Each structure stands twice: as structure tokens, then as C-alpha cells.
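Rule-based calculations on the coordinates, nothing more; no lab input. It should be emphasised that the depicted structure is a prediction, and the values quoted were computed from it without experimental measurement. Here Cβ is always computed from backbone atoms with ideal geometry, including for glycine, and neighbour counts include all displayed protein chains.
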Amino acid sequence: MKYIKMLSLAALAAMALMAVVGATTASATVLCKNSSNTTTCSEDYASGTAIEGTITSGTTAVLETSGGTVLDTCTESTVKGNTETTGGSSATVKGDIKTLTWGSCTRTTNTLAVGSLEIHHTAGSDNGTLTATGTTEVTIDTIFGSCVYGTGTGLNLGTVVGGNPATLSINVGVPKISGNFACPATGIWTANYTVTSPKPLFVSAG
């Protein structure tokens, strides 16, 4: 069977997991157990924290062309990973995606490779940007045959909104890595994830 490789992370993004537009620096980011929009973070999540998310109930992950042709939809997806750094006043939070799964899709969909992510705090909020720092690839059997899409390093995936639970809104163009001439050059991936663990979760400057 032929497949398309796309992401996430998500995530997923991430899916995903995933995941946060608006960051302007690579410093001053921690994941926090309390809202720090008006106060400082009183207790952060340390390196090694497991983070899990699922597609928000009642929503659908969509991969489509820039012209609006739908390539694939999924109503089930999970993303799991672990933070590799705690972050701090001069550092961001980094982590690896461990698993990214898909279900109830209109096309056969499987993750081939999982990458890594970095979160940057958005000033004046409990939110942040989720940026890919490693390549994630997902295969999809589409009407265009075998195509390859992935997240490449430096790609901003979407917005992490702090809360109890936190949410991840993915809206990103994922570039084609390889495939036949009929494969669109870019796939537009949109998805909404709910962070199921840890709860609560806020993005803070520290």
C-alpha cells in the first residue's frame, strides 16, 4: 500500500503533542502547575515529566492541500512524550515525542518517525509556541499515491494554551519530503488536542 508521510506533534504535533505560535526568544520558559500570568510560577514541572494528549472530543484532525482538497481526516489521535529539560530564566523547555497514533481515519494513517519539540513562552500569557526541533513523519494512503511529508526543524506547529486542562491548537503547513509529481508541495494540517496529563499545565516565563 502506498502512503503519505506527514506529521503533528500535535501534537503531534501533538499532534502533537502538541504544540504554539508567537514566541520571539529562545529563553525564559517553564511548564508550570499554576497560572503565572499575574504571579510567578510557584511550582514547575521538572525534566522527565510525561506529557500526554488526545484529539479534543468532537473535533477532527484534517490534512488538506492549500487549495482545500482534503487528503485525510482522523477523529482519534494520541501523542505522548517526555520533557528533556526543565527550562528556566535563560532556557526553553525541550522534549521528545515517544508515540504518535492515529485512529478512525478516512485513509490508512501511521507514524513512521517521531521527532522532538521545543516550547517558547508567549509574553503576557499562560501560553506558548510549539516548535519542531526534529523531523516527525506520518504515512497516509491518499488519492495522490505515495507522498512524504514531515515537520523539519524550526517549524512552528501551533499554540499551546495553558489551563486545566491545557490545549494544543495545530495549524501548520507541512512540506513534502518526497513523492511523485502529483503530491502537493505542502499539506495543511489542522488539529486540536487536549492535554490529559499533567493537569493543570501552564506555560510560564519562570
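The count of lysine pairs in the chain that are at least 8 places apart or cross chains, and whose C-alpha atoms lie under 21 Å apart, stands at 12.
For the pair T153 and T99, a Förster radius of 22 Å applied to the C-beta separation gives a FRET efficiency near 0.60, rounded to the nearest 0.05.
In the chain, what percentage of the DSSP-assigned beta bridges are antiparallel, given to the nearest 5? Rounded to the nearest five, the antiparallel share is 95 percent. Pairs of alpha carbons in region 50-170 separated by more than 19 Å make up 51% of all such pairs. One equal scatterer on each Cα of the chain, no solvent, Debye formula: the resulting log10 I(q)/I(0) at q = 0.18 Å⁻¹ is -1.05. With the highest mean first, a sort of the peptides 43-49, 112-118 on other beta-carbon atoms found within 10 angstrom per residue produces 112-118, 43-49. Entry note, region 64-194: relative contact order of 18 percent, from Cα contacts under 8 Å with a spacing of 6+ residues. Charging the Cβ of each Asp and Glu at -1 and of each Lys and Arg at +1, and nothing else, the dipole of the chain about its Cα centre rounds to 220 debye.
Here the contact order of region 28-85, divided by its residue count and restricted to Cα pairs under 8 Å and six or more residues apart, works out to 34 percent.
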